[in-house]
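Participant: Before anything else, here's the structure in question.
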């Protein structure tokens with residue numbers, strides 16, 4: 001009979017074993033970290049200086065100290081010590097500092113849907129297909145046009161840009177959302193009242209340079225207001 005379970009490697013209590021509570025409690029500690037798994041950060045390579053019980057991390061490459069040899073596994077702080085949870089294919093973990101769900105796929109932790117950037121597929125040699133939503137709120141609108149600081153990335157395939165007027169826009173009677181040379185590509189004559197929205201869906205289009213999204217005032221220049229915009233896109237990464 002094996003001395004641990006197949007999937008989670010929880011230790012069995014063996015026949016005629018002394019100190020049975022030790023093995024039982026170890027299994028409970030492991031389950032406490034595995035069920036509804038949430039880690040503070042991913043890719044951390046050394047234990048933090050003042051951890052609290054319950055803290056957990058996805059260990060990065062070339063880890064050191066007590067985590068030496070734990071690369072890719074989960075380090076859980078429990079009862080004042082680090083416990084190694086050996087990662088298995090298909091595990092899921094919520095990464096708190098990124099507010100993203102990660103999956104264990106082909107021996108690596110990759111973002112799942114729900115984060116800003118999500119890897120949907122990966123080849124044997126690292127080629128990827130991904131999806132992303134890049135968001136920014138432009139406040140204190142001023143002038144004839146305003147460019148977002150977030151950009152459509154080079155080699156991205158854009159599905160659309162959505163907008164919401166957060167604070168009523170003043171000075172303009174409406175606005176367009178687009179790019180340099182195509183001012184209303186993602187929507188024209190959009191509402192200036194707070195709460196106005198637009199889903200600027202386009203036929204999927206590839207971009208071959210980093211390209212800012214631009215808001216252009218109609219009927220006068222911007223003198224105030226705020227607009228939140230989101231770029232919806234697909235990403236392509238080549239093999240290593």
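Participant: Classify region 60-154 from the C-alpha gyration tensor, please: rounded if a/c falls under 1.5, else prolate or oblate depending on whether a/b exceeds b/c.
Facilitator: prolate
Participant: Shifting gears a bit: Listing 189, 145 from the residue with the fewest other Cβ atoms within 10 Å to the one with the most, what is the order?
Facilitator: 189, 145
Participant: Go ahead and run the numbers for FRET between residue 46 and residue 204, Cβ-Cβ distance against an R0 of 41 Å, rounding to 0.05.
Facilitator: E between residue 46 and residue 204, to the nearest 0.05, is 0.45.
Participant: Computed FRET efficiency, Cβ-Cβ of residue 154 and residue 53, R0 45 Å: what is it to the nearest 0.05?
Facilitator: 0.50
Participant: Same structure again: Taking the highest mean first, how do the peptides 63-76, 174-187 order by number of other beta carbon atoms within 10 angstrom per residue?
Facilitator: Descending mean neighbour count gives 174-187, 63-76.
Participant: Given 4 °C and 1.567 mPa s, how large is the Stokes-Einstein diffusion coefficient of region 132-237 in µm²/s, with Rh as the Kirkwood radius over Cα pairs?
Facilitator: Translational diffusion coefficient: 96 µm²/s.
Participant: For a Förster distance of 25 Å, can you work out the FRET efficiency between the beta-carbons of residue 68 and residue 128, rounded to the nearest 0.05?
Facilitator: Using R0 = 25 Å, I get an efficiency of 0.30.
Participant: A follow-up question, please. Any idea how far apart residue 142 and residue 97 come out in nm if each label point goes 7 Å out from Cα toward Cβ?
Facilitator: 3.5
Participant: Going by average Cβ density within 10 Å per residue, which order do the peptides 84-95, 159-170 take, highest to lowest?
Facilitator: Top of the packing list down: 159-170, 84-95.
Participant: Please tell me the relative contact order of region 132-237 in percent, rounded to the nearest whole number, where contacts are Cα pairs under 8 Å and at least six residues apart.
Facilitator: Relative contact order comes out at 48 percent.
Participant: Which residues in region 56-79 have a backbone N closer than 19 Å to a point placed 7 Å from the Cα of residue 108 along the Cα-to-Cβ line?
Facilitator: Residues passing the 19 Å test: 58-63, 70-74.
FYI, it's all coordinate maths here, none of it is from the lab. These numbers were taken from a predicted model, which means no experiment stands behind them. Cβ sites come from the backbone with ideal geometry, for glycine too, and all protein chains shown count toward neighbours.
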